[in-house]
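What follows draws every value from the coordinates through simple rules; no lab data is involved. Since the structure is predicted, the reported quantities are computational estimates derived from the model, not experimental observations. Cβ: placed from backbone, ideal geometry, glycine included. Neighbour counts: every protein chain shown.
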């Protein structure tokens with residue numbers, strides 16, 4: 001019988017230094033997935049949507065890791081079926097949701113909200129019918145901040161719909177992600193340290209009859225969803241996971257990259273005057289973080305083993321991970337504060 005851990009370690013020794021960095025990023029993303037699974041096992045955390053809010057990033061991992069493993073010639077790397085390849089090619093596109101125009105994003109958001117409203121209206125209980133009270137949007141709160149909503153989750157998924165048939169489909173498509181994560185973690189599902197005592201809540205609302213928004217219209221819901229997307233990164237991932245991990249920069253940066261142009265278009269279409277500092281926008285770094293092929297961006301001499309991101313931000317900005325992350329979070333928190341003043 002083959003000792004797969006020993007065999008994998010022998011394969012990994014043959015990788016060049018840049019490929020070793022890529023492997024460390026892949027392994028880190030695999031550990032993030034194992035951490036989400038571990039969190040979801042806690043009874044008090046079972047009903048939240050944090051796993052669903054992470055689907056674009058899971059898509060990036062699965063799609064990128066499968067391709068990278070084949071490209072560098074790793075033996076026994078799990079391969080996609082034709083259906084899985086299509087699914088994950090679509091799933092990873094969720095990280096580019098804000099690459100759309102404001103109008104395209106608003107229309108997709110409102111169309112998905114209507115689908116949700118139609119579904120939950122159709123399954124009202126007798127009490128809901130009598131009181132005309134039902135909910136069409138689920139939300140997630142961490143550290144007092146909205147960090148997700150079910151409409152965003154619905155947009156992210158290649159399978160469309162809100163009924164219970166979605167669960168088995170997602171489960172079946174997720175099997176290969178588990179295999180990939182286990183493969184790159186050498187069969188050991190290491191999890192990151194996280195705050196077991198942190199309370200997560202998942203209040204339901206009806207938009208727009210019973211919701212927390214002062215700006216209770218389509219513009220308000222667009223801004224609310226942007227707020228949820230940002231807070232997923234800078235509140236849930238940042239505060240709930242207590243280790244300093246690459247994903248705390250990676251997820252936030254990918255959102256920031258597309259938000260820079262999106263906010264300009266939003267201002268033009270709505271007459272608002274939101275501001276997001278774009279000093280950190282860098283296409284080459286974005287490409288590195290969205291894929292695992294680092295060879296076109298860094299050389300062996302650029303690698304800094306002591307840095308959380310192995311020197312990627314030093315190459316891009318002459319700032320180490322912590323300096324770049326502090327500046328990125330400052331820009332995103334400034335935008336969050338502006339949005340909150342408008343919608344709440």
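Result for the chain in a Gaussian network model with C-alpha springs under 10 Å: among 227, 272, 259, the largest mean-square fluctuation is at 272. Looking at the chain as a GNM with Cα springs under 10 Å, which of 132, 216, 49 has the largest mean-square fluctuation? So, out of 132, 216, 49, the one fluctuating most is 132.
Please say if the range 1-139 is rounded, prolate or oblate, where rounded means a/c under 1.5 for a ≥ b ≥ c the square roots of the C-alpha gyration tensor eigenvalues, and otherwise the choice is prolate for a/b larger than b/c and oblate otherwise? The shape class here is prolate. Model label sites at residue 326 and residue 286, defined 7 Å from Cα along the beta-carbon direction, differ in position by 2.6 nm.
Give me the log10 of I(q) over I(0) for the range 209-279 at q = 0.20, 0.27 Å⁻¹, as the Debye formula computes it from C-alpha points; what are the numbers? Values returned for q = 0.20, 0.27 Å⁻¹ are -0.92, -1.20. First check a/c for the range 15-72, with a ≥ b ≥ c the square roots of the eigenvalues of its C-alpha gyration tensor; if it is under 1.5, answer rounded, and if not, answer prolate when a/b is larger than b/c or oblate otherwise. Prolate. From its DSSP helices (H runs of at least four residues, each -39,500 (n - 2.57)), the chain gives a residue-normalised ellipticity at 222 nm of -18000 deg cm²/dmol. Modelled this way, with points 7 Å down the Cα-to-C-beta line, the labels at residue 273 and residue 85 are 5.2 nm from one another. Between residue 166 and residue 265, the C-beta separation translates, for a Förster distance of 45 Å, into a calculated FRET efficiency of about 0.90. Take the Cβ atoms of residue 44 and residue 6, set R0 to 51 Å, and the FRET efficiency comes out at 0.80.
On the beta carbon distance between residue 300 and residue 208, with R0 = 51 Å, the FRET formula returns roughly 0.40.
Working from label points 7 Å from Cα in the Cα-to-Cβ sense, the residue 20 to residue 76 distance is 2.2 nm.
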